Each structure stands twice: as C-alpha cells, then as structure tokens.
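Worksheet for the structure shown next.
The values are calculated or read from the model by the stated rules, or taken from the named source; none is laboratory data. This one's a predicted model, so the numbers in the text were calculated from it and none came from an experiment. Neighbour counts run over all protein chains shown; Cβ positions are idealised from the backbone, glycine included.
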Amino acid sequence: MAKLMKDIEVPSDAPKEILFEKHVQFINEYGKDEDNFEYGMTDYLRLSGMYWGLTALELINAQPSQCKDNIIDYVKKCQDTNSGGISACTGHDPHILHTLCGIQILAMYDRVDAIDVEGVVKYVKSLQQPDGSFSGDKWGEIDLRFSFCSVMTLSLLNRLDAIDLEKAIEYVEKCKNFDEGFGSRPQSESHAGLIFCGVGFLSLVNRLDIINRDSLAWWLCERQLPSGGLCGRPEKLPDVCYSWWVLSSLAMLGRLHWVDGDSLKTFILACQDAEIGGFTDRPGNVPDPFHTIFGLAALSLLGEKHIQQVNPTYCMPQSVIERLGLKPQILT
Ligand code: FPP
Ligand code: ZN
C-alpha cells in the first residue's frame, strides 16, 4: 500500500548560504513606506512585527535603520494609560501578545524604564482567570499562548510574584495531552506552536518535570519530513516557522540532536528569497519578517556561528537573557 506523506522538494538552485546583507535590507525596508497598502493592512501586528524584525537584526549583529530612541518612543506610545497594557499600534486595544513584544523590545535595548512597568504588571494580573488561565485581552479569549506570554512578560520584569503562579501551572498542565503535547486549551489537539508555549511556560517557571520529556521529544522529532523541514502537526507541510517552534522545544528538553540538523539547515536556507532577502514559509513563497526571525533563530540553535546565540525559551539573544540575570530551565 502506498504510504502518503505531504512534503515539498527542495529546488536544486535554492540558496545554500545565509544571505546576511539581503536580510538586513529586507527588514529595514519592510513597512518603511507608511502610505503603502500593506503597511495600512498590518496595523494590527505592528509591534509584533517590530519585535520579529529588530530581534532578527540583533541576531545577525546589524543595526535598525530607525533610531533606537524612536523605537522606544513608539512602544511607549502604545501603552494604554488606563489598563497598563500595550497595543499593536497607537489607537488599538492592548493585548498580551503585543504587551510581551513591547517588553521584549525594551528589554533588548535595556530601556524597560521608559514605560510604566507597574501598569504592565497590573495589566497582566488583570488577565488571570480564577482557573489560572489567562485571557488575551479584556474581551476574554482564553489560550495557552496567553499563559506563556503573560508569564514571559512578568519574568522579563522580574515580577512573577504578581500572579497566582500555582494556579497558572495547574491550568497549563490541563492543556497537556495523552501524547505529552499541548493544545491551545484542555482537550485541544497537540500542535507544535502550542507545544513551544507549554514547554516555554514550564521552562520559565522551572517545572519541566511535569513533562515526560522523551515522549514529547519523540512526537517533536517525528515532525521532520524527508525534505529536512519540520511541520507543526502530522500530515501538514513543512514550514520554516516550525523549525523554531519544534527545535526550540527540543532544545529546552535537551533533545535537539534528535532531528537531522544538516537536512533541516538545507531546508531553512532554501526558504530565503535570493532577490529581496527575508525567509518564506516554504521555498518559492513570499518572504515576511515572521518567517525571517524564526528561520534565523532556528539556524542559531543549529549552531550557525555567524548568528548570535539565541535563547530557546525567550527567542531573544542569549546575551540579553544573561544581562538580565534570567535563568530559564533548560534540560541537558
Ligand atoms: C502557529 O500558529 C504558531 C503558534 C500557535 C505559536 C504562537 C506562539 C506565540 C504567540 C508565542 C510567541 C512568543 C515568542 C517568544 C516567540 P498558526 O496559527 O500559524 O498555526 P498553523 O500553522 O496551524 O496555521
Ligand atoms: Zn509558518
């Protein structure tokens, strides 16, 4: 019987080296033109986009074209004076996803002092529910991603004491499935993106003992396809961002060597756009900053020496995590 497996073929003429200069150009050009249609259509993820682009530049030791004071000022303008939360762009409602990105940018530039930190702490605290879960914003959607982002925000601010951590851990444990993977809520299908959130959360609070690491690492390494790329769930196509969600989870579990690094690297390199720079999800598609940061960060985990070491829990330069004195749990 034929054994079906969804995959792609890596084109033989695809890039085989890292196109550093092209990536710097791509990120610095991206979203520069405020009158551009795409710029207007991506308001809702502006701050996340800034975190992806600025972290990517930092990892490849490049400078943003915008002055850092302007960047810090923009994050400041996105903080809502009432709730304390940070929004994707000025005039939008605050959300935990962008609150985390704002704090990651400020922490990277050592300028957390530029905003009202107590306001952020108050905001994160306001999102916690009686069962320990977190909503993304005042409108009440609950997701494991928000537990992870809330705890990471507080950890970067050294304020994990502000929430009921035991309840938060209890909820995350409920999102763990029979296969040791995590879904977005209790009883939801295991998904590599959510596994990153679950493992990342437990790494932040030093509770990786909750996971049977080899069972989960086996599920994760089975996501590697013959092309070398990683997918997010069984029967899905490979995608560069899963090089990060899967590989960083394996790194936290001390099982990075369970994937074939050489063929994964070939796949990731093939996802670069040789003309305009940036990484795509799969070879031949359109590049974007989201796949660019996760492509570069995954190459860093694979030991690429011209890329700064990335921390697998925070997806930020290891040097920043050390400067902040943070010690997420990483199993060896
Ligand atoms: C795939 O989503 C990815 C996820 C569900 C992970 C999301 C993770 C975060 C928001 C935390 C980010 C934090 C850091 C530090 C990087 P998708 O909707 O694209 O899934 P699909 O591929 O199944 O469509
Ligand atoms: Zn993707």
Item checked: Qualifying residues in segment 168-181 (those that are in contact with a strand residue (DSSP E or B) (Cβ under 9 Å, 6 or more places away or on another chain) and assigned to a helix (DSSP H, G or I)) - the one surrounded by the fewest Cβ atoms within 10 Å (Cβ to Cβ) -> 171
Checklist line | Looking only at segment 249-274, and only at residues there that are assigned to a loop (DSSP other than H, G, I, E, B) and touching a strand residue (DSSP E or B) at 6+ places or on another chain (Cβ under 6 Å), the one that is nearest to ligand 1 (Cβ to nearest atom) | finding: 271
Next item on the list: Can you work out which of the residues in segment 196-211 that are in a helix (DSSP H, G or I) and in contact (Cβ under 8 Å) with a residue 60 or more places away in the chain is farthest from residue 147 (Cα to Cα)?
Entry: 208
Margin query: When you scan segment 263-279, do you find a residue that is out of contact with any helix residue (DSSP H, G or I) (no Cβ under 9 Å at 6 or more places or on another chain), without any contact (Cβ under 8 Å) to a residue 60 or more places away in the chain and more than 16 Å from ligand 2 (Cβ to nearest atom), even just one?
Written below: yes
Next item on the list: Could you run through segment 249-262 and say how many residues are hydrophobic (A, V, I, L, M, F, W, C) and touching a residue at least 60 places away in the same chain (Cβ under 8 Å)?
Entry: 3
Notebook entry, point to check: Do we have residue 144 as buried (at least 18 other Cβ atoms within 10 Å of the Cβ) and over 20 Å from the mean Cα position of the chain (by Cα) here?
Noted result: no
Notebook entry, point to check: Under the condition of being more than 14 Å from ligand 2 (Cβ to nearest atom) and among the acidic types (Asp, Glu), which residue from segment 280-326 is surrounded by the most Cβ atoms within 10 Å (Cβ to Cβ)?
Noted result: 304
Item checked: Wholly enclosed helices (runs of 4 or more DSSP H) of segment 43-126 bearing at least 2 residues surrounded by fewer than 19 Cβ atoms within 10 Å (Cβ to Cβ) -> 68-77
Next item on the list: Could you check how many residues of segment 182-195 are surrounded by 24 or more Cβ atoms within 10 Å (Cβ to Cβ) and outside any helix (DSSP H, G or I)?
Entry: 1
Note to self: Out of the residues in segment 264-279 meeting the condition of being surrounded by fewer than 16 Cβ atoms within 10 Å (Cβ to Cβ) and not charged (D, E, K, R), tell me which one is farthest from residue 48 (Cα to Cα).
What the structure shows: 274
Next item on the list: For segment 26-42, enumerate the residues that are at pLDDT below 70 and either of a type in the set (A, V, I, L, M) or in a helix (DSSP H, G or I) (or both).
Entry: 37, 38, 39, 40, 41
Margin query: Against the conditions (1) more than 23 Å from residue 74 (Cβ to Cβ); (2) assigned to a helix (DSSP H, G or I); (3) of a type in the set (A, V, I, L, M, F, W, C), where does residue 139 fall short? Just the number, please.
Written below: (2)
Margin query: Among the residues of segment 232-248, what is the count of those that are in contact (Cβ under 8 Å) with a residue 60 or more places away in the chain and in a loop (DSSP other than H, G, I, E, B)?
Written below: 4
Notebook entry, point to check: Among the residues of segment 275-328, which ones are more than 14 Å from ligand 1 (Cβ to nearest atom), in a strand (DSSP E or B) and touching a Leu at 6+ places or on another chain (Cβ under 7 Å)?
Noted result: none
Notebook entry, point to check: What tally of residues in segment 188-203 results from selecting those that are away from ligand 2 (no atom under 16 Å from the Cβ) and under 16 Å from the mean Cα position of the chain (by Cα)?
Noted result: 6
Notebook entry, point to check: Say we look at segment 232-248 and pick out the residues that are in contact with a Leu (Cβ under 6 Å, 6 or more places away or on another chain) and not aromatic (Phe, Trp, Tyr); which of these is farthest from ligand 2 (Cβ to nearest atom)?
Noted result: 247
Margin query: Being more than 16 Å from ligand 2 (Cβ to nearest atom), of a type outside the set (Ser, Thr, Tyr) and surrounded by fewer than 20 Cβ atoms within 10 Å (Cβ to Cβ) is the requirement here; does residue 165 meet it?
Written below: yes
Next item on the list: Could you tell me whether segment 204-221 includes any residue that is within 16 Å of ligand 2 (Cβ to nearest atom) and either modelled with pLDDT under 95 or touching a strand residue (DSSP E or B) at 6+ places or on another chain (Cβ under 8 Å) (or both)?
Entry: no
